1. Pick from the stretch B:1-32 the residues that are loosely packed, with under 14 Cβ neighbours inside 10 Å and within 17 Å of residue B:69 (Cβ to Cβ): which of them is farthest from the other protein chains (Cβ to nearest Cβ)?
2. Tell me the residue from A:339, A:312 that is loosely packed, with under 15 Cβ neighbours inside 10 Å and farther than 17 Å from residue A:284 by Cα, please.
3. Among the numbered criteria (1) part of a loop (DSSP other than H, G, I, E, B); (2) at pLDDT 95 or above, which single criterion is violated by residue B:13?
4. In the stretch A:402-427, what residues are assigned to a loop (DSSP other than H, G, I, E, B) and within 23 Å of residue A:365 (Cα to Cα)?
5. What single numbered condition from (1) surrounded by fewer than 19 Cβ atoms within 10 Å (Cβ to Cβ); (2) within 14 Å of another protein chain (Cβ to nearest Cβ); (3) at pLDDT below 95 fails to hold for residue A:258?
6. With the requirement that a residue be part of a strand (DSSP E or B) and either over 29 Å from residue A:133 (Cβ atoms) or touching a residue at least 60 places away in the same chain (Cβ under 8 Å) (or both), what does the stretch A:271-327 give you?
7. Please specify each residue of the stretch B:33-48 satisfying the condition of being away from chain A (no Cβ under 11 Å) and assigned to a helix (DSSP H, G or I).
8. Among the residues of the stretch A:185-204, are any farther than 30 Å from residue B:57 by Cα, without any contact (Cβ under 8 Å) to a residue 24 or more places away in the chain and more than 14 Å from chain B (Cβ to nearest Cβ)?
């Protein structure tokens, strides 16, 4: 049974648009999607935002055989164009552009809205039957690297999440995370299957209106990445009471210990559940969670595997391995990659972990050189390659410091700090305050001539 | 807010949002330009705190949603 069928079977499901105050059933959300071409599976780009039309368009395409790439409509136009040149989608939904070269405008209608779908009648990109949704590994840089997910991946993951989150038919769930982000998408899927009201069109949590709407509609949960929890902490969330709120969930990276503890204490005092979770886009979002009753004693843990998932450790490296029905079908870095699907038995997470006597897992380091800056995954090797080629730096070492900032070390006198920061901002949208640059007399090297990252980290202070 | 402090505030906005100083005027609003998003807002708040050596109340973090509003609110802090 498909994802959409599961949602259709939920007779409590409805969608509230806070912009107009209107409520719609799932049926009323559907736009009639025109025939795109002879094939029943075309590649479609959906540039989405937080408005209800975006949710409606996504759900409408879920009911077709097409394969959708979910992207932010806030991406730079140049990034959008280069992605489209690489993948040549047959159709594009993008409310920010009045016209797209090579595409014709088609009017899409449902009972409450009219919008535009751009259709290109060029030869279609071949897509493997399993590919249903493709998500970018980086939401803001428009990296052409996509994670290939099947409908079964998404459905199985949603079912596993529903097995532990206390979702009920009476819930009022704010869709406050973007749909082009795997966590945000999983909030939609799980709540559409097991919940009640989905709240669309929300301003972000730094707008006072979000909190007015929370009071007015009585949201029953909030989902957030670490940065959202840092903001909630800063704007005085913990000093107030929210009678409607039953649980909050956190994923998308490691939340700093003291903030996690503050929220845990708040939840214990206010009889709310706090779900700390771990996952990757490659696992359709979710891999593990900490049962709220265990959080106090396992505050630094990523928890136990979700239902139908298995965690283990690579006996040689200690790398955390995951297997389950939600593991993706490989990456796509270019058009040709879409026509195949790999059956991946074991997802190598790139995280180094250990397991305690109760079966709880703890991340102790990273095998792959990734950092998360404000929730965005940044590949440090990619940054090094970029700096070497564009700024002509001979030896450069980038290190992530506690997911807070990137330390760039180099030995080129003629390259100044602002030049590096500016280049990183323009290419990767990494804010200058998240970058520290240090000029070294000499780059520390290991005995086999490679950059000695450990030495740089140790010498940092 | 005196001219000197206004000038410091304009600098804080321009530096944090990475925009030209002449873009910092009373029409500048949170999420009115792509550069002023939730991330830069939080950075801006701490930049203002550092510039004026003040601690901004939790409630004011949400209120400071335009350049004009920020000036008004900062007057509460005797600036």
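1. So, considering only residues that are loosely packed, with under 14 Cβ neighbours inside 10 Å and within 17 Å of residue B:69 (Cβ to Cβ), the one farthest from the other protein chains (Cβ to nearest Cβ) is B:25.
2. A:339
3. In the conditions (1) part of a loop (DSSP other than H, G, I, E, B); (2) at pLDDT 95 or above, residue B:13 misses (1) alone.
4. A:402, A:403, A:404
5. (2)
6. Selection gives A:273, A:275, A:278, A:279, A:280, A:285, A:286, A:287, A:288, A:289, A:290, A:313.
7. B:48
8. The answer is no; no qualifying residue exists.
The values are calculated or read from the model by the stated rules, or taken from the named source; none is laboratory data. All figures in this text were calculated on a predicted structure; none of them were measured in a lab. Heads up, the Cβs are rebuilt from the backbone with ideal geometry, glycines too, and the neighbour counts pull from every protein chain shown.
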